[in-house]
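First the structure, then my questions, so here it is.
The values are calculated or read from the model by the stated rules, or taken from the named source; none is laboratory data. Note that this is a predicted model, so its numbers are computed, not measured. Backbone-built Cβ (ideal geometry, glycine too); neighbour counts: all protein chains shown. We work out accessible area using only protein heavy atoms, side chains counted, and drop any ligands, DNA or RNA first. Shrake-Rupley method; radii C 1.70, N 1.55, O 1.52, S 1.80 Å.
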Amino acid sequence: MDAPRLTVRQLGCERDHRMLFEYLDFSARNGEIWQVTGANGAGKTTLLRILVGLHGFYQGRVEWSAPLSPSLLYLGHQPGVREELTARENLEYSRALSGQTGDPDAALAALDLYGFEDVPAGRLSAGQQRRIALARLWLDGKDVWILDEPFTAIDQHGVAALDQRLRQAAEQGVLVIYTSHHRVGDGVQRLHLGEDIEVAR
Amino acid sequence: MSAPSLGTVWRASLRRELTLIWRSPADIVQPLFFFVVVVSLFPLALSPKPALLALVAPGAVWVAALLAVMLSLDGLFRRDQESGALDLLLTAPVVSVVPVAAKLLAHWLLTGLPLALIAPLLGYMLQLPVAVLDTLMVSVLLGTPTLTVVGAIGAALTVGLNRGGILLAVLVLPLYVPVLVFGAGVVRTALDGLPTGGLLAVLGAILALAVSLGPVAVALGLRISAGD
């Protein structure tokens with residue numbers, strides 16, 4: 001079996017004098033999908049921010065087998081879409097910044113944004129703005145996807161397409177870690193944050 | 001996996017930042033408007049006597065320019081932070097100095113540079129001799145990039161705070177003092193008919209220091225703000 005891409009040892013994080021989680025232990029491999037669940041305020045977003053290196057105040061260890069940033073596709077809690085820019089401008093900027101490859105227009109079309117490429121994002125709905133950010137998943141070149149609430153504000157049809165895309169990527173060897181309240185599908189590893197931390201296969 | 005070249009990131013960032021400011025014209029007009037209004041209030045408040053106005057002109061123009069730059073910086077990173085674009089920048093596989101430097105350059109081009117271009121007109125309005133106006137413009141031209149970069153360090157450190165405006169002023173104003181002293185000093189020296197090369201060189205040296213080290217400090221400041 002491959003060596004784990006991500007190893008987390010005895011991870012703990014305190015926020016405002018409250019332990020969000022502690023003694024968190026798990027390891028994840030390429031080709032796996034991990035869903036992080038937990039009540040509001042359980043520390044899901046903080047955990048993802050620790051994993052990508054944005055949040056530095058924690059105990060324990062987070063080890064990536066290879067440098068993370070060239071492989072990382074991170075979608076934060078906010079979609080990272082500027083309202084003044086059009087859908088295409090937003091996507092082209094994030095593509096250039098992260099060094100992804102692929103056709104932005106095709107990625108936008110895959111998310112039903114065909115015809116909206118040149119509309120400023122501020123004139124689109126919350127769900128469509130979210131889709132602009134998600135279009136990065138249809139570009140190539142990244143093999144660790146860390147997604148904070150990717151299903152938020154997405155309609156049923158979009159959720160199905162996204163779910164299919166995550167599975168397809170995992171088959172190609174991408175490690176996907178996302179937070180969501182949605183039901184857990186088959187073949188998804190689950191990490192539950194809360195009173196008792198649970199790692200289920 | 002794939003990492004972009006620095007040139008690609010620089011070009012994409014510069015294009016994005018220029019587009020962003022260009023599409024919200026208020027961000028360009030507001031500092032310029034503030035600058036013009038503050039300076040034009042001086043003759044009304046003091047007296048229209050040419051000798052008196054020429055005496056206060058270097059200081060008045062420079063204080064107004066300094067405050068105009070500082071006011072423009074409060075929101076420099078705010079919308080990027082609220083929209084999550086800042087996290088994108090910080091997790092990108094390039095040193096964040098590159099997109100940060102592009103942002104600072106774009107900001108200065110569309111807010112600082114107009115101040116320098118209109119400064120001679122305001123100096124003329126305050127009865128400065130025409131021979132001194134080019135020195136005034138050059139001093140503002142050399143000074144405003146320093147003010148932008150130094151102020152951006154404060155803006156980066158206060159981006160996570162709700163009402164960071166006052167804290168930004170407290171952090172940044174003491175660092176603005178040398179630029180103000182030398183900037184207004186150059187114009188006064190020119191008024192006295194003395195050579196200004198030395199003082200302009202000092203302004204240039206401060207600028208070189210700010211431009212070379214400032215973006216690194218801004219990038220670090222953003223990282224610190226994001227970590228909380």
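With 33 Å as the cut-off, how large is the P(r) tail for chain B, expressed as percent of Cα-Cα pairs?
Every Cα pair in chain B considered, those over 33 Å come to 20 percent.
Please arrange A:Tyr58, A:Tyr178, A:Tyr114 by accessible surface area, largest first, computed with a 1.4 Å probe and ligands excluded.
Result of the area sort, largest leading: A:Tyr114, A:Tyr58, A:Tyr178.
Now a separate question. Could you estimate the translational diffusion coefficient of chain A from the Stokes-Einstein equation, with Rh from the Kirkwood formula over C-alpha pairs, at 10 °C and 1.306 mPa s, in whole µm²/s?
Answer from the Stokes-Einstein relation: 91 µm²/s.
Please give the FRET efficiency for A:Asp186 paired with B:Ser40, using the beta carbon to beta carbon distance and R0 = 56 Å, rounded to the nearest 0.05.
Here the calculated transfer efficiency is 0.20.
Using Cα centres only, tell me the gap between region B:45-121 and region B:156-176 in whole Å.
That distance is 14 Å.
Given only helices, namely DSSP H runs of n ≥ 4 each adding -39500 (n - 2.57), what is the per-residue ellipticity at 222 nm of chain A, to the nearest 500 deg cm²/dmol?
-8000 deg cm²/dmol
Hey, another quick one. Between A:Ala3 and A:Ser27, what length comes free when the chain is fully extended (0.36 nm per residue of separation minus the Cα-Cα distance, one decimal in nm)?
Result for the pair: 7.7 nm of gain on full extension.
Would you please give the FRET efficiency between A:Arg61 and B:Ala201, computed as 1/(1 + (r/R0)^6) with r the Cβ-Cβ distance and R0 = 56 Å, to the nearest 0.05?
After rounding to 0.05, the efficiency reads 0.65.
Show that you can apply the helix-only estimate: for chain B, add -39,500 (n - 2.57) for every DSSP H stretch of four or more residues, divide by all residues, and state [θ] at 222 nm to the nearest 500.
Calculated at 222 nm, the ellipticity per residue is -27500 deg cm²/dmol.
Related question: Between B:Ala51 and B:Leu213, what is the label-point separation in nm under the 7 Å Cα-to-beta-carbon projection?
4.5
Could you tell me the relative contact order of region B:6-226? Use alpha-carbon pairs under 8 Å, at least six residues apart, and round to a whole percent.
27
Starting from the 7 Å offset along Cα-to-Cβ, what nm value, one decimal, do you get for the label separation of B:Phe33 and B:Leu117?
Going by the 7 Å Cα→Cβ label model, 1.8 nm.
Report the far tail of the P(r) of the protein assembly as shown, meaning the percent of Cα-Cα pairs longer than 42 Å.
Everything past 42 Å amounts to 26 percent.
Continuing with this model, one more query. Over the Cα atoms of region A:1-92, how large are the radius of gyration and the largest Cα-Cα distance (Dmax), in Å?
Over region A:1-92's Cα set, Rg and Dmax evaluate to 15.4, 47 Å.
May I pose another question? Principal axis extents for region A:87-201, Cα atoms only, whole Å, descending order, please.
On the principal axes, region A:87-201 reaches 47, 27, 22 Å in Cα extent.
All other residues with a Cβ under 14 Å from the Cβ of A:Ala153 taken together, and with Lys, Arg as +1 and Asp, Glu as -1, what is their net charge?
Computed value for this residue: -2.
Taking the Cα centre as origin and putting +1 on Lys and Arg beta-carbons and -1 on Asp and Glu beta-carbons, what dipole magnitude results for region B:6-226, to the nearest 20 debye?
Charge dipole of region B:6-226: 220 debye, to the nearest 20.
Which distance in nm do the two modelled labels at B:Arg79 and A:Ala106 give, with both placed 7 Å along the Cα-to-Cβ direction?
3.2
What is the angle, in °, between the Cα long axis of helix B:97-107 and the longest principal axis of the Cα atoms in chain B? Nearest 10 is fine, range 0 to 90.
Computed tilt is about 40 degrees.
Taking the 0 to 90 degree range and rounding to the nearest ten, how far is the long axis of helix B:26-45 tilted relative to the main principal axis of chain B, both from C-alpha atoms?
Compared with the principal axis, the helix lies near 20 degrees.
Using R₀ = 25 Å, calculate the FRET efficiency as 1/(1 + (r/R₀)^6) where r is the Cβ-Cβ separation of B:Ser24 and B:Ile166; round to 0.05.
Once rounded, the FRET efficiency stands at 0.60.
If you don't mind, there's one more thing I want to ask. Taking Cα atoms, how many degrees apart are the long axis of helix B:50-73 and the longest axis of chain B, rounded to 10 and kept between 0 and 90?
Once rounded, one gets 10 degrees.
Calculate how many DSSP beta bridges within the protein assembly as shown are antiparallel, expressed in % of all such bridges and rounded to the nearest 5.
Roughly 50 percent of the DSSP beta bridges within the protein assembly as shown come out antiparallel.
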